[in-house]
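**Q** Let me begin by handing over the structure; questions about it come next.
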Amino acid sequence: MKNLVVTSILILCAFFAKAQDTQSYTLVVSIGHINNNNGKVLLSLHTADTFMKGPGIQNVDREIVNGKINVSFENIKPGTYAIMALHDENDNKRMDYETNGMPKENYGMSGNEMSYGPPSFEDAKFRVTDKNLDFNIRF
């Protein structure tokens, strides 16, 4: 009888652990006040491991309509992330720079922190825990 109770408890624990593993959430990103409708806005969702090191774990691009875009990142597991956005005005799929190293194209992060120098994961990070999230990113 004791073995049956212990086995039942272990099965229930495994079931609830599996249910929590399948939880995923949606991140909705809005960007308004974009300078023009040229090109696209490129967005990428990053972890600390991918931030500023190449493609994110999810990457999307959107056409700009009336100076605005809306994007959803779906099936996001709980964790710590950051979102990077770039207004790729000439649609060449990369950020362009002036000769002095300053960006030619507008960009933004999930933390809306604008600093001189490269963006940091610490300034842009957020946690996905138990609900969908909405972001308004500024350029």
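Bear in mind that the values in this text are calculations on the coordinates, not laboratory data. Worth saying up front: this structure is predicted, and the values here are computed from it rather than measured. Glycine also receives a Cβ, built like all others from the backbone with ideal geometry; neighbour counts cover every protein chain displayed.
**Q** For each of 102, 95, 52, 84, count neighbouring Cβ atoms within 10 Å of the residue's Cβ, then give the residues from fewest to most.
**A** Ranking 102, 95, 52, 84 by Cβ neighbours within 10 Å, fewest first, gives 102, 52, 95, 84.
**Q** Please give the FRET efficiency for residue 91 paired with residue 112, using the beta carbon to beta carbon distance and R0 = 22 Å, rounded to the nearest 0.05.
**A** 0.35
**Q** Fewest to most neighbouring Cβ within 10 Å: what's the order for 94, 62, 138?
**A** Ranked by crowding around the Cβ, least crowded first: 94, 138, 62.
**Q** What is the gain in length, in nm to one decimal, between residue 28 and residue 136 on full extension, counting 0.36 nm per residue of separation less the C-alpha to C-alpha distance?
**A** Stretched out fully, the residue 28 to residue 136 stretch lengthens by 38.0 nm.
**Q** From the residues 29, 132, 115, which one has its Cα farthest along the dipole of the range 24-136 in the positive direction, the dipole being from +1 and -1 charges on Cβ of Lys/Arg and Asp/Glu about the Cα centre?
**A** Result: 132, furthest along the dipole toward the positive end.
**Q** If you don't mind, there's one more thing I want to ask. List the aspartates and glutamates whose Cα lies under 19 Å from the Cα of residue 125, skipping any in the same chain that are fewer than 8 positions away.
**A** Within the straight-line limit of under 19 Å, residue 125 reaches these aspartates and glutamates: 49, 74, 113, 134.
**Q** What are the semi-axes of the equivalent ellipsoid of the range 24-136, taken as the square roots of 5 times the eigenvalues of the Cα gyration tensor, listed largest first and rounded to whole Å?
**A** In descending order, the three semi-axes are 23, 17, 12 Å.
**Q** Treating only the Cβ atoms of Lys and Arg (+1) and Asp and Glu (-1) as charged, compute the dipole magnitude of the range 50-139 about its Cα centre; round to the nearest 20 debye.
**A** 280 debye
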